[in-house]
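Encoded as structure tokens, the structure appears first; notes follow it.
The values are calculated or read from the model by the stated rules, or taken from the named source; none is laboratory data. Everything numeric here is computed off the predicted structure, so don't read it as measured data. Note: ideal-geometry Cβ built from the backbone for every residue, glycine included; neighbour counts use all protein chains shown. Calculation scope for accessible area: heavy atoms of the full protein, side chains included, ligands and nucleic acids excluded. Shrake-Rupley method; radii C 1.70, N 1.55, O 1.52, S 1.80 Å.
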Amino acid sequence: MLIFKLYLTCGKKMTDSQGEVTPLELYEKLNVQGEKVRSLKTAKAEKAEIDTAVQLLLKLKTDYKHLTGQDYKAGCPPPENVVNQDNGSATDGIDEEDNVDPWNVSTSNAKGVDYDKLIVRFGSSKIEKELVDRIEKVTGQKPHRFLRRGIFFSHRDMHQVLDAYEKNKSFYLYTGRGPSSEAMHVGHLIPFIFTKWLQDVFDIPLVIQLTDDEKYLWKDLTIEECHRFAVENAKDIIACGFDVNKTFIFSDFDYMGSSPEFYRNVVKIQKHVTYNQVKGIFGFTDSDCIGKISFPAIQAAPSFSNSFPQIFGGRRDIQCLIPCAIDQDPYFRMTRDVAPRIGYPKPALLHSSFFPALQGAQTKMSASDANSSIFLTDTPKQIKNKVNKHAFSGGKDTVEEHRKFGGNPDVDVSFMYLTFFLDDDEQLEKIKQDYSSGALLTGELKKILIETLQPMIAQHQERRKQVTEETVKQFMTPRPLNFKL
Ligand code: TRP
């Protein structure tokens, strides 16, 4: 929860020598610079070097005061609702209803989280039509519906990735999953479906991190359980159709201990991020175990190509692109902050919105609430019952009213799910119009969704059945991959 409060303060940005920064980013920079000055002094460095560092510190302090209207104080992240006298309030009341961090997502708005505001708060960039067109031009492929429909809505440095790609400089993909249970639901597939598309159209290698260690640290589970969930989840991930010759899936418990290069990067990152910073980013408190406090370095490490010498032969300069849900952004803001300081390129990002719970877009689908989720193991009958019984409807109470006033697709969960899974743009548009006009009833809309989900999930189950222990082992063995850089 705390992290959300801190992000509230990020409603404004200013431009400094490194581009746009939010109060929290500036605060984190100040922490880093303060550390640097202290360590230079302790190490009795050259006077000129200390002076330069102090000057930068003073400049950052002035910027901070200008941006937040308050003095910087170590250990005190920018407080809630910071208002800069110069440009008035950028945090209006509505923001406070959205709560987004790696562990929680909720809003009081039935349409879901306000993603435009999130972009401002997180300091990322909107995926504009221009970027979607550019991806189409560079790959020669019709953009995935997640791009056409703004489901992946925010990015960092994607233009840079495409610039390099056009000059024949390739990149690799990195995504992941926290294996907290055996049961995966359709929402969990979103990043993987999209990552598979990216792998196909760009023809590039992919690493998938299964953070069984993270789940052990955060949940009441044993190491063995988390590791087993990692392997089980890997089967569902493989069933998304990844190319075994271009994909490495790893459990942290297995890979961390077997790869000196990976562990070296983890420690390098740990050395360059202070407790102050992770407190500011993740809201950790003094009573959180030290495993949690150091974990972000483990999620950051796969962003650097030399963590995988078997794939990249020790090269440290290969650009990484991370498709993920927006709630994972805090990890990668931290990663992007340390990258240049340890001599690595910053990873680029593509952020997706959340997959809404059946009960409504106020929260995302959660595996721990069976009625909020369509599981990948659900039978056609279960799918039908759940949609009919639980999918929040934007329709009117009676058929007469519905025919007269029409339904509201913006809050209707069945319609939202169709925007994720029904590929035909024209058909989707027609459904939207008919529903809004009242020509299409809620029951009929639900029927279309049921008939879209049933075959999709049955096919997934069929593909998962084909995934043998041997296949899992192949994907999870550190080995060279087949690609040209
Ligand atoms: N922390 C993520 C989760 O709990 C898992 C994860 C690890 C991840 N690395 C990632 C997700 C990279 C997206 C991209 O689900």
Which residues, taken from segment 288-321, are free of Cβ contacts under 8 Å to residues at least 60 places away in the same chain and within 14 Å of the ligand (Cβ to nearest atom)? P296, A297, A300, A301, F304, S307
Would you say I293 is open to solvent by 10 Å² or more (accessible area, probe 1.4 Å) and not basic (K, R)? yes
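For every residue, the table says whether it meets (1) surrounded by fewer than 18 Cβ atoms within 10 Å (Cβ to Cβ); (2) assigned to a helix (DSSP H, G or I); (3) among the small types (G, A, S); (4) under 32 Å from the mean Cα position of the chain (by Cα).
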residue: K29; (1), (2), (3), (4): no, yes, no, yes
residue: G34; (1), (2), (3), (4): no, yes, yes, yes
residue: R38; (1), (2), (3), (4): yes, yes, no, no
residue: A48; (1), (2), (3), (4): yes, yes, yes, no
residue: V54; (1), (2), (3), (4): yes, yes, no, no
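Hey, can you tell me all the residues within segment 71-87 that are in contact with a Pro (Cβ under 8 Å, 6 or more places away or on another chain) and at pLDDT below 75?
In the first step, residues of segment 71-87 are kept if they are in contact with a Pro (Cβ under 8 Å, 6 or more places away or on another chain); the result is 78, 82.
Residue satisfying the conditions is V82 alone.
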Of all residues being more than 10 Å from the ligand (Cβ to nearest atom) and polar (S, T, N, Q) in segment 190-229, which is farthest from S368 (Cα to Cα)? Just the residue, please. Q199
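Taking segment 164-184 as the region of interest, how many residues are away from the ligand (no atom under 13 Å from the Cβ) and either outside any helix (DSSP H, G or I) or buried (at least 21 other Cβ atoms within 10 Å of the Cβ) (or both)?
From segment 164-184, those away from the ligand (no atom under 13 Å from the Cβ) are 164-171, 182-183; that's our starting set.
Cutting the leftovers down to either outside any helix (DSSP H, G or I) or buried (at least 21 other Cβ atoms within 10 Å of the Cβ) (or both) gives us 167-171, 182-183.
The total comes to 7.
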When segment 128-161 is examined, which residues are found to be in a loop (DSSP other than H, G, I, E, B) and either of a type in the set (D, E, K, R) or open to solvent by 30 Å² or more (accessible area, probe 1.4 Å) (or both)? E128, G140, Q141, K142, R149, G150, D157
P191: outside any loop (DSSP other than H, G, I, E, B) and either aromatic (F, W, Y) or assigned by the TED database to the domain that holds C289 (or both), yes or no? yes
Please go through segment 322-372 and give me each residue that is of a type in the set (S, T, N, Q), under 27 Å from D116 (Cβ atoms) and away from the ligand (no atom under 15 Å from the Cβ), ordered by number. Q359, Q362, T363, S372
Among the candidates D254, D203, D243, D220, residue that is on the phi > 0 side of the Ramachandran plot and open to solvent by 40 Å² or more (accessible area, probe 1.4 Å): D203
Of the numbered conditions (1) at pLDDT 95 or above; (2) open to solvent by less than 10 Å² (accessible area, probe 1.4 Å), G280 satisfies every one except a single condition; which is it? (1)
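Answer yes or no: is there a residue in segment 108-117 that is part of a helix (DSSP H, G or I), surrounded by 15 or more Cβ atoms within 10 Å (Cβ to Cβ) and not small (G, A, S).
Filtering segment 108-117 for residues part of a helix (DSSP H, G or I) gives 115-117.
From the residues that got through so far, the ones that are surrounded by 15 or more Cβ atoms within 10 Å (Cβ to Cβ) too are 115, 117.
With the extra rule that they be not small (G, A, S), the set shrinks to 115, 117.
There is at least one residue in segment 108-117 that is part of a helix (DSSP H, G or I), surrounded by 15 or more Cβ atoms within 10 Å (Cβ to Cβ) and not small (G, A, S).
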What's the total number of residues in segment 455-472 that are touching a residue at least 12 places away in the same chain (Cβ under 8 Å) and either within 30 Å of E400 (Cα to Cα) or not polar (S, T, N, Q) (or both)? 8
Test result for N408, under 26 Å from K215 (Cα atoms) and either more than 16 Å from the ligand (Cβ to nearest atom) or in a helix (DSSP H, G or I) (or both): no
State whether one or more residues within segment 389-398 are open to solvent by 20 Å² or more (accessible area, probe 1.4 Å) and either under 23 Å from the mean Cα position of the chain (by Cα) or closer than 21 Å to S180 by Cβ (or both). no
